[in-house]
Amino acid sequence: MDYFGIASASMAYSQAQIQQSVSLSVTKKAMDSQEAQAVALLEMLPQPSQYTFDVYA
């Protein structure tokens, strides 16, 4: 039996899982940052007018 091959495959699988976890964490952090920036931009928009009539008519 090739025990070294099995051990090597197991280590490669573990490394792949860790890389996937790290990648997912970085992606979540980036999405959180983008969400915060979007909220800040929305807060900077002017408030809608209190008048509800059609100014183009």
Exercise. Could you provide, to the nearest whole Å², the per residue accessible area of the chain with probe 1.4 Å?
Key: 102
Quiz prompt | In degrees, nearest ten, helix 3-44 long axis to first principal axis of the chain (Cα) | solution = 10
Quiz item: More than 12 Å apart: what percent of Cα pairs in the stretch 15-57 qualify?
Solution: 74
Exercise. Give me the percent of the accessible area of the chain that comes from carbon and sulfur atoms, probe 1.4 Å, all protein chains in place.
Key: 63
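The values are calculated or read from the model by the stated rules, or taken from the named source; none is laboratory data. Given the structure is predicted, the values throughout are model-derived calculations rather than measurements. Only protein heavy atoms, including side chains, enter the accessible area calculation; ligands, DNA and RNA are left aside. Shrake-Rupley method; radii C 1.70, N 1.55, O 1.52, S 1.80 Å.
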